[in-house]
1. Can you report the number of residues in the stretch 318-335 which are of a type in the set (Gly, Ala, Ser) and modelled with pLDDT under 95?
2. If you go through the stretch 25-34 one residue at a time, do you hit one that is at pLDDT below 95, touching a Ser or Thr at 6+ places or on another chain (Cβ under 9 Å) and buried (at least 21 other Cβ atoms within 10 Å of the Cβ)?
3. Does the stretch 299-311 contain at least one residue that is in contact with a helix residue (DSSP H, G or I) (Cβ under 7 Å, 6 or more places away or on another chain) and over 23 Å from Ile81 (Cβ atoms)?
4. Just checking, does the stretch 53-67 include any residue being hydrophobic (A, V, I, L, M, F, W, C) and more than 30 Å from Asn337 (Cβ to Cβ)?
5. I'm told Gly185 meets every condition in (1) free of Cβ contacts under 8 Å to residues at least 12 places away in the same chain; (2) closer than 24 Å to Gly238 by Cα; (3) not β-branched (Val, Ile, Thr) except one. Can you identify the failing condition by its number?
6. Got at least one residue in the stretch 94-108 being touching a residue at least 24 places away in the same chain (Cβ under 8 Å), surrounded by fewer than 16 Cβ atoms within 10 Å (Cβ to Cβ), in contact with a Gly (Cβ under 8 Å, 6 or more places away or on another chain) and under 23 Å from Val127 (Cα atoms)?
7. Name the residue, out of Ser60, Ser51, that is small (Gly, Ala, Ser) and either at pLDDT 95 or above or in contact with a strand residue (DSSP E or B) (Cβ under 8 Å, 6 or more places away or on another chain) (or both).
8. Would you confirm whether any residue within the stretch 336-353 is at pLDDT 95 or above, under 14 Å from the mean Cα position of the chain (by Cα) and part of a strand (DSSP E or B)?
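The values are calculated or read from the model by the stated rules, or taken from the named source; none is laboratory data. Computed from a predicted model, the values in this text were never measured in an experiment. Ideal geometry is used to build each Cβ from the backbone, glycine not excepted, and the neighbour counts take in all protein chains shown.
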Amino acid sequence: MKNFKFFILSTLTFFLVSCQPDPANPLNQDYRNGVLVVNEGPFQTGTGTLSFAHFKRSTSDSTYAFLDVFQTVNGRVMGNIAQSAVRVGGYVLVAVNLAGTVEMLDAKTMELEHTFTGLGLPRYFQVLTNNRVALSDWQDNRVYVLDLTTKTVVDTAQVDAGPEGMAYLPNTPNGDVLLVACSGGYVDNNTVVVLNAQMDRVKTLTVGDQPHSFAQDPSGTWWLLNQGNPDWTTPANGTPGSLYRIDADALTASLHTTSADGSLHPAHLLCDGTGLVFISDRYTGSAVRMPLGSTVWPTVPFLSGASYSVAFDALKKEFYSGKIVDYSGPGTLVRYNEQGVALDSVSTGQIPGFILPESH
């Protein structure tokens, strides 16, 4: 009996230990339990990468990171330039811009399930259902619908130039609609295209210059961040960034506030529950924060240092900032608490351009 009990105890101990993630082994991980960072990689040469960061949350835990889990797990590079990612239906999708592909990965293991090919310049995702995702694409100014069950492109819609971020609004008086921010891509534009459930255009909204990203606050209100048009010769003469408020029932957009500085062009809007957070300038700015209800454009950094990407984990109440150390080597992911105080950091791949928190 003692030998039997010892056998059971030993077997249970082995099982528990073997199921724990190994900080030294990227092949023994549950990649749902950490932060994924999409690194652009060098422009036109080299490859984008997908990094993983696990942060210590107990005395028996540890903080560690892997710089390129895609290549480590799948034995090949991802391609140039890695743009963005989304978690949906047990998968992680990664848009690889210049490669014209979307990599479909098992969310737990990072094993490659499928590669969507034949795309143009894929940019950002918007989840529609548990197995369907919209994808904006610059090359042909289209939005594609990817079906994760059949692993095919099942629908497409022509929109205005340079589609970027999107917002899915279900059950409006106009039915389910998809808002597509159209920045102009390689030219200038200032529209949001409204698509219905059949991917037909039902309306076009005029907004600020170069609309970029949406966020929803706890009241259900949708917000749109516009970058403004840059003037590369005289930066101060650029058009300033702005925030618009979207009326989901009427499908209208109204100006909420505008930056006073035409040389700064904000990006990456998110809501932390009580405020709107975004990067003050898309290339060199810091993450700033405007409380909900305020109309004063924020100028004081909320997260320390410059941010190239930013994200918020709504469950853990933590912010993450992707920082470029230089453009030829690894970057850094910094974790902050809800008040914007830096907690710790890990290394990432080159040019961390998009962050996917654990709870998203």
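1. Counting residues in the stretch 318-335 that are of a type in the set (Gly, Ala, Ser) and modelled with pLDDT under 95 gives 2.
2. Yes.
3. no
4. Within the stretch 53-67, not a single residue is hydrophobic (A, V, I, L, M, F, W, C) and more than 30 Å from Asn337 (Cβ to Cβ).
5. (1)
6. For the stretch 94-108, residues touching a residue at least 24 places away in the same chain (Cβ under 8 Å), surrounded by fewer than 16 Cβ atoms within 10 Å (Cβ to Cβ), in contact with a Gly (Cβ under 8 Å, 6 or more places away or on another chain) and under 23 Å from Val127 (Cα atoms): present.
7. Result of the check over Ser60, Ser51: Ser51.
8. There is at least one residue in the stretch 336-353 that is at pLDDT 95 or above, under 14 Å from the mean Cα position of the chain (by Cα) and part of a strand (DSSP E or B).
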